[in-house]
2 protein chains.
Amino acid sequence: MANIRDIARLTGYSVSTVSRVINNNPYVSEEKRRKILAVMEEVNYIPNYTARALSVGKTKNIGVILPFVNHPYFDRLLSGITTAAFARGYKVTLLATNYDPQVEEAYLQEFAAKSFDALIITSRANPIETLLPYRSYGRIVFCENISYLTDGCTYIDREESIKEVFTYFKEQGIQKIGVTLGRSRKLSSNSKITVRLAHDYFSTFSEDLIFWDCLTEEDGKEAAAYFADKGVEAIFTNGDHVAAGIQSQAPGEWLVIGRDNLYISELLQLSTIDHHLQACGETAVQLAVMEKSGNYRMPYEFIKR
Amino acid sequence: MANIRDIARLTGYSVSTVSRVINNNPYVSEEKRRKILAVMEEVNYIPNYTARALSVGKTKNIGVILPFVNHPYFDRLLSGITTAAFARGYKVTLLATNYDPQVEEAYLQEFAAKSFDALIITSRANPIETLLPYRSYGRIVFCENISYLTDGCTYIDREESIKEVFTYFKEQGIQKIGVTLGRSRKLSSNSKITVRLAHDYFSTFSEDLIFWDCLTEEDGKEAAAYFADKGVEAIFTNGDHVAAGIQSQAPGEWLVIGRDNLYISELLQLSTIDHHLQACGETAVQLAVMEKSGNYRMPYEFIKR
DNA sequence: TTGTACGCGTTATCAA
DNA sequence: TTGATAACGCGTACAA
């Protein structure tokens with residue numbers, strides 16, 4: 001593997017001149033440029049990416065912390081992130097945590113070690129206090145509404161969308177609802193908001209009307225069994241695929257509402273909230289590369305069917 | 001940001017000793033190790049990842065070339081890849097091409113520039129001849145059966161699974177079928193195999209019984225319209241989500257068969273092929289990190305419903 | 001327009 | 001068990 005010094009030696013010019021050719025610096029005579037390019041071609045020279053990154057101090061790489069892929073919520077978000085990152089010449093590296101706090105911290109350490117130019121946290125496994133100090137190492141974007149931050153947050157409008165759904169429930173005369181959620185309210189802002197609003201809107205609501213750890217369609221089926229004897233009239237789910245799992249077990253049993261506006265909800269004629277996750281991912285990248293600053297709440301659509 | 005030399009200066013020991021502490025090298029006296037660790041802690045020192053990568057010549061990073069995310073096929077594959085990579089201490093960076101050959105080559109150049117320890121090509125935009133030379137820069141794994149390679153390929157068993165489906169069609173007395181495909185047969189081995197076998201099994205088959213560029217559920221709906229007057233009895237699709245799109249437009253009109261074994265196919269009671277994409281992704285990583293060698297064809301399941 | 005020399009932050013070799 | 005020093009490969013002030 002030839003390096004820049006080899007090219008310098010082979011052409012008889014200096015390392016800097018070769019570097020200028022590599023970087024399209026105009027201050028190189030045409031003749032030398034041609035010759036240098038010829039030699040580079042001949043020995044199949046390719047500048048080392050890591051060395052450049054070290055020298056310049058930038059990697060053109062954005063790290064994305066998420067629990068896992070192959071889940072509608074994160075895949076949508078990721079789609080927006082990759083699209084936007086790509087358009088700006090950034091690559092995206094996946095940092096899967098499976099919600100393990102230790103693993104997440106290891107990634108934060110890597111970020112601190114300058115592995116990525118920026119970090120996007122789509123969902124976290126540690127308390128926010130653990131993460132905040134790492135902001136001194138570079139840009140960290142949160143896909144979550146962190147109240148005491150005025151910059152670097154982009155989030156879907158859970159607060160308003162859920163209120164609209166719950167108001168809709170009331171209009172339909174519904175008194176008692178169940179909800180499905182992904183994980184304990186400790187860290188998930190979605191869980192926190194959902195539970196709070198459920199209590200606000202429904203005096204009948206209680207902790208045993210929550211079906212936790214609900215991630216997949218299969219989990220949705222189990223949720224259906226769980227709610228069978230709970231006397232709820234409607235179920236507010238944490239995803240269309242979950243809603244579909246529930247609906248498949250007991251069609252028409254409850255007013256089931258999903259999220260994400262997946263095709264499956266159209267197919268089953270289930271109402272759903274489109275939280276514009278794709279746009280959220282794109283905004284996250286804009287924040288990550290400092291193209292934008294501030295906090296951004298995405299608009300949403302409640303699709304009634 | 002303190003560096004290793006700062007730590008050396010601050011502790012009064014040499015850079016090498018500090019490096020040994022960082023890397024848990026046993027040849028350091030306990031007293032020095034303690035003191036060095038204390039100072040590292042105090043000034044919040046974190047070894048620079050890029051510098052280590054440059055020095056060692058490895059990045060612990062696997063690049064994955066794919067057209068886009070948020071598509072069942074690639075999301076499944078990616079899920080297997082991230083899981084397996086994670087378990088082995090590798091990170092995964094997404095290299096989205098959107099099927100642009102130029103972009104793909106740019107990624108290959110980055111690979112040649114030592115940006116990744118290995119490359120996994122899940123789908124390509126260039127002819128195989130363009131890619132092969134890059135194997136001299138490091139490990140490249142193809143998720144595709146490349147006949148004249150005896151190593152570094154892992155692929156789903158399209159040949160046999162499609163034969164089984166087509167045989168099943170014949171058993172059902174079906175004489176004329178339509179197929180949906182993602183993109184031109186030039187580069188997609190799936191398209192190539194499907195078209196070849198369709199001709200082999202069905203004398204009635206012709207090019208106008210192919211609905212191309214079929215990627216999403218919405219495309220599936222268009223496919224349904226396309227096949228409305230083609231007189232086909234069955235449609236072999238390139239994905240359960242596409243199959244669902246077709247089925248939604250004209251339930252029971254055709255015998256529709258999907259692929260990927262998504263939940264939606266269970267819901268609609270559509271037959272499907274489970275190609276074990278997750279396992280394919282995991283195997284790709286094992287090949288990438290040289291834990292395995294050779295070619296691997298994944299087993300499949302034809303799920304009749 | 002060109003070249004020298006140093007910085008980027010580590011790891012590895014070798015001598016002590 | 002330690003430390004000096006040379007890689008690793010590139011970018012870039014600075015001087016010429």
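Just so you know, all these numbers are worked out from the coordinates, no wet-lab data involved. Treat the numbers as computed from the prediction; the structure is a model and nothing was measured. Neighbour counts are summed over all protein chains in view; Cβ atoms, including those assigned to glycine, are modelled from backbone coordinates with ideal geometry.
What to note about this one:
- The fewest-to-most ranking of A:241, B:71, B:275 by surrounding Cβ atoms within 10 Å reads B:71, B:275, A:241.
- Net charge of Cβ neighbours under 14 Å - reference residue B:288; Lys, Arg +1; Asp, Glu -1: +3
- ³J(HN,Hα), Karplus 6.51/-1.76/1.60, whole Hz, each residue of region A:204-213, x for Gly, Pro: 7, 6, 8, 4, 7, 9, 10, 9, 8, 6
- Looking at region B:168-304 alone, DSSP beta bridges between its own residues are antiparallel in about 20 percent of cases.
- Per-residue Karplus couplings for region B:284-298, computed as 6.51 cos²θ - 1.76 cosθ + 1.60 with θ equal to phi - 60°, are listed in order as 4, 5, 4, 5, 4, 8, 6, 7, 10, 9, x, 10, 10, 9, 7 Hz, Gly and Pro entered as x.
- Cross-link pairs beyond the 32 Å C-alpha cut-off, checked among A:91/A:221; A:35/B:91; A:58/B:192; A:114/B:32; B:114/B:292: A:91/A:221; A:35/B:91; A:58/B:192
- Cα-based convex hull volume of chain B per residue, rounded to whole Å³: 159 Å³
- Within straight-line reach of residue A:176, meaning a Cα separation under 18 Å, sit the following lysines at least 8 residues removed in sequence or on another chain: A:163, A:230.
- Assigned charges on the beta-carbon of Lys, Arg, Asp, Glu; the protein assembly as shown dipole about Cα centre (debye): 2840 debye
- Positive contributions from Lys and Arg (+1) and negative ones from Asp and Glu (-1), summed over other residues with Cβ under 13 Å from the Cβ of residue A:305, come out at -3.
- Cα-centre dipole for region B:2-54 with unit charges at Cβ (Lys and Arg positive, Asp and Glu negative), debye to 20: 140 debye
- Where only DSSP H runs of four or more residues are counted, chain A gives -13000 deg cm²/dmol as its mean residue ellipticity at 222 nm, each run worth -39500 (n - 2.57).
- Across the options A:174, A:283, A:56, the greatest Cα extent toward the positive end of the charge dipole of chain A (unit charges at beta carbon of Lys, Arg, Asp, Glu) belongs to A:56.
- Among the residues of A:61-70, the average count of other protein chain beta-carbon atoms within 10 Å of the residue beta-carbon is 4.
- Tensor-based shape of region A:2-54 (alpha-carbon gyration tensor, a/c under 1.5 rounded, otherwise prolate or oblate): oblate
- Gyration tensor (alpha-carbon) shape descriptor, region B:157-272, a/c threshold 1.5: rounded
- In order along region B:139-145, the phi-based Karplus estimate (6.51 cos²θ - 1.76 cosθ + 1.60, θ = phi - 60°) of 3J(HN,Hα) comes to 6, 10, 10, 9, 8, 5, 7 Hz; Gly and Pro are listed as x.
- Ranking of B:91, A:186, B:163 by neighbouring Cβ atoms within 10 Å, starting from the fewest: A:186, B:163, B:91.
- Sorted fewest first by neighbouring Cβ atoms within 10 angstrom, B:289, A:21, B:15 come out as B:15, B:289, A:21.
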